[in-house]
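For reference, the structure is listed below as structure tokens.
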Amino acid sequence: MRPIKTLERVLSKAGIGSRTEARKWIGEGRVRVNGRVVRDGDQWIDLKRDRVAFDGKPLGKTERVYLLFYKPKGYLTTYRDPQGRPTIYDLLPNQDRYLFPVGRLDLDTSGLLILTNDTAFAERLTNPDYKVPKTYLVKASKPITDAQLQQLRDGVELRDGATRPANVRRIAANKFEITITEGRNRQVRRMVEVFGAKVLKLVRVAIGRIRIGDLKIGKVRELTQQELKGLRTED
């Protein structure tokens with residue numbers, strides 16, 4: 001970890017809030033550096049020498065939290081929505097602690113999300129260089145041929161370039177399971193649209209080796225140490 005960081009990044013890395021929230025708190029005068037109020041979120045902080053306090057309490061390491069959540073369809077993965085639509089945080093316990101989703105699922109997609117306050121862990125899971133696989137159950141608006149499934153395995157051309165090869169398993173004429181190692185916006189939906197079809201149902205059923213199992217929709221559980229170890233070494 002670099003010993004020099006901006007003040008807003010120091011707060012977010014400590015796991016007490018997002019960088020946007022940190023900048024707001026700094027502007028409100030709630031943060032002191034070496035005993036003095038600092039209102040500039042871009043001020044550089046030497047983590048080895050400077051003492052940072054938030055609301056009068058020394059900034060220390062926040063306990064890391066790792067949760068597995070089964071997101072229902074119809075919920076956003078943002079904290080707040082200007083249109084007042086429901087978000088996943090309406091369903092989570094202990095809403096006063098800062099957690100963020102590792103990657104996103106759109107409004108009409110359900111399935112597994114990992115929630116944490118560990119930014120380094122989140123970066124590893126979302127950075128495509130690490131190729132952490134995500135598996136989705138897909139229901140298409142029309143039958144998908146064997147040749148089209150093979151195209152998905154080989155990679156299809158999208159507006160932002162060809163996709164990596166995927167693992168694909170047929171379930172029914174218009175249903176299949178696909179495992180990808182990228183995280184492009186609406187990627188699976190766009191891959192299906194290449195064939196002139198629409199995705200009627202999309203569920204993320206696995207992240208790495210972790211599958212939904214008996215986790216109920218809308219519910220959350222802690223990741224086990226074995227699961228965390230597997231995600232950290234996934235390749």
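The values are calculated or read from the model by the stated rules, or taken from the named source; none is laboratory data. Predicted model only: the values in this text are computed from it and were never measured. No Cβ is skipped: glycine too gets one built from the backbone with ideal geometry, and neighbour counts run over all protein chains shown.
Some notes on this structure:
- The number of residues in the stretch 196-218 that are out of contact with any strand residue (DSSP E or B) (no Cβ under 8 Å at 6 or more places or on another chain) and farther than 25 Å from Leu68 by Cβ comes to 1.
- If you go through the stretch 73-91 and keep only what is part of a loop (DSSP other than H, G, I, E, B) and within 15 Å of the chain's Cα centre (by Cα), you end up with Tyr75, Thr77, Thr78, Tyr79.
- Residue within the stretch 94-116 that is within 22 Å of Gly183 (Cβ to Cβ), in a helix (DSSP H, G or I) and among the charged types (D, E, K, R) present: no
- Against the conditions (1) in a helix (DSSP H, G or I); (2) assigned by TED's automatic domain parsing to the domain that holds Thr87, Arg153 satisfies every one except (2).
- If the condition is being in contact with a helix residue (DSSP H, G or I) (Cβ under 6 Å, 6 or more places away or on another chain) and not basic (Lys, Arg), then the stretch 39-51 contributes Gly41, Gln43, Ile45.
- In the stretch 117-143, the qualifying residues are those that are small (Gly, Ala, Ser) and either part of a strand (DSSP E or B) or modelled with pLDDT under 95 (or both), and the one that is surrounded by the fewest Cβ atoms within 10 Å (Cβ to Cβ) is Ala120.
- Summed over the stretch 189-222, the residues that are among the acidic types (Asp, Glu) and part of a strand (DSSP E or B) give a count of 1.
- The number of residues in the stretch 144-190 being of a type in the set (Gly, Ala, Ser), surrounded by 11 or more Cβ atoms within 10 Å (Cβ to Cβ) and modelled with pLDDT of 95 or more comes to 3.
- Check on Thr109, more than 11 Å from the chain's Cα centre (by Cα), modelled with pLDDT of 90 or more and β-branched (Val, Ile, Thr): yes
- Residue in the stretch 47-67 that is within 13 Å of the chain's Cα centre (by Cα) and farther than 14 Å from Leu11 by Cα present: yes
- Scanning the stretch 23-42 for residues that are of a type outside the set (A, V, I, L, M) and either crowded, with 16+ Cβ neighbours inside 10 Å or not assigned by TED's automatic domain parsing to the domain that holds Val10 (or both) turns up Arg23, Trp25, Arg30, Arg32, Gly41.
- The residues listed here are Leu76, Leu112; of these, the one that is surrounded by 15 or more Cβ atoms within 10 Å (Cβ to Cβ), touching a residue at least 60 places away in the same chain (Cβ under 8 Å) and either in contact with an Asp or Glu (Cβ under 9 Å, 6 or more places away or on another chain) or farther than 20 Å from Arg19 by Cα (or both) is Leu112.
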